[in-house]
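Quick notes on the structure that follows.
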Amino acid sequence: AQSVTQLDSQVPVFEEAPVELRCNYSSSVSVYLFWYVQYPNQGLQLLLKYLSGSTLVESINGFEAEFNKSQTSFHLRKPSVHISDTAEYFCAVSDPYDYKLSFGAGTTVTVRA
Amino acid sequence: ETGVTQSPTHLIKTRGQQVTLRCSSQSGHNTVSWYQQALGQGPQFIFQYYREEENGRGNFPPRFSGLQFPNYSSELNVNALELDDSALYLCASRLTGNYGYTFGSGTRLTVV
């Protein structure tokens, strides 16, 4: 069985400051890892994913996440946030043979001017 | 691409009633999954359908059931509604072999 722990439920941050959202997972098999973003009253949008290969993955809007197998982590970072990054962020895991996604409880990011 | 469309967007039902939620997936997306997202929590996997057959189920009772149709639409049915069924229900679809799930905006169900 897989589970995901997002270590911060709320992260307030000032505009143009860096942000890091922490995610740890537990799994007995190899995993695929994902970050999703949810804006108010909307569904989930895929931000980035790690399936294999380079442990550092990047999104088109400046986010990046690093897969660390020894620490079973997949932390999300952005060097400079914008007001529009205010949203809820979910870390998720699945194994390569079971397409079901197991989500963390989410981290609410609030960017202030 | 037309995305994933869910209907209705909001719904209020009485405890004990039955409800059907609908999802229209992108053309060619023959795998569809349903998730329940309670307030303040992450989505929980309900079940998945591939080519109109259920091929995975989470920890939900049998009163949660589904259907998938050849035209890439699907339904989530919940019988004997309970207050704890109040949540946002999300539909997600993908192409087989592709891990890029596309989520709909969800149906907000309130059970009173």
(request) About the Cα centre of the protein assembly as shown, how large is the charge dipole given +1 on each Lys and Arg Cβ and -1 on each Asp and Glu Cβ? Please answer in debye to the nearest 20. (result) 320 debye
(request) Give me the distance between the Cα centres of region A:41-95 and region B:62-112, rounded to whole Å. (result) 25 Å
(message) I'd like to know which of B:Asn59, B:Val4, B:Trp34 lies farthest towards the positive end of the charge dipole of region B:1-65, counting +1 on Cβ of Lys and Arg and -1 on Cβ of Asp and Glu.
(response) B:Asn59
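Give me the inter-chain shielding for B:36-44: mean count of other chain Cβ atoms within 10 Å, whole number please.
On the way: counts 0, 6, 0, 0, 5, 5, 15, 11, 4.
For this peptide, the per-residue mean of nearby foreign Cβ atoms is 5.
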(message) Under 19 Å from a point placed 7 Å out from the Cα of A:Glu58 along the Cα-to-Cβ direction: which residues of region A:72-96 have their backbone N that close?
(response) A:75-82
(request) For B:Asn98, put the label point 7 Å out on the Cα→Cβ axis and report which residues of region B:19-63 keep their amide N under 14 Å from it. (result) B:25-32
(message) Need one number for the protein assembly as shown: average projected area of the convex hull over its C-alpha atoms, nm².
(response) 12.4 nm²
(request) Post the alpha-carbon centroid distance, region B:1-58 to region A:1-38, in whole angstrom. (result) 24 Å
(request) Take every Cα pair under 8 Å in chain B that's 6+ residues apart, average their separations, divide by the length, and report that relative contact order as a whole percent. (result) 37 percent
(message) From the gyration tensor of the Cα coordinates in region B:1-106, what semi-axes in whole Å does the equivalent ellipsoid have, largest first, with each one equal to sqrt(5λ)?
(response) 22, 14, 13
(message) If neighbour count is taken as other Cβ atoms inside 10 Å, put A:Phe14, A:Phe90 in order from fewest to most.
(response) A:Phe14, A:Phe90
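Going from the alpha-carbon gyration tensor of region A:32-113, what semi-axes, largest first and in whole Å, does one get by taking the root of 5 times each eigenvalue?
Three semi-axes, in Å: 22, 15, 10.
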(message) Please compute the modelled spin-label separation between A:Leu51 and A:Ser70, points set 7 Å along Cα→Cβ, answer in nm with one decimal.
(response) 2.8 nm
(request) Can you tell me the order of A:28-39, A:61-72 when each peptide is scored by its average per-residue count of other Cβ atoms within 10 angstrom, highest first? (result) A:28-39, A:61-72
(message) Rounded to the nearest 20 debye, what is the charge dipole size of region A:1-77 about its Cα centre when +1 sits on each Lys and Arg Cβ and -1 on each Asp and Glu Cβ?
(response) 340 debye
(request) Please sort B:55-67, B:17-29 by packing, taking for each peptide the average over its residues of neighbouring beta carbons within 10 angstrom, highest first. (result) B:17-29, B:55-67
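Bear in mind these aren't lab numbers, they're just calculated from the coordinates by the rules spelled out. This structure is a prediction, so every number in the text was calculated from the model and none was measured. Note: ideal-geometry Cβ built from the backbone for every residue, glycine included; neighbour counts use all protein chains shown.
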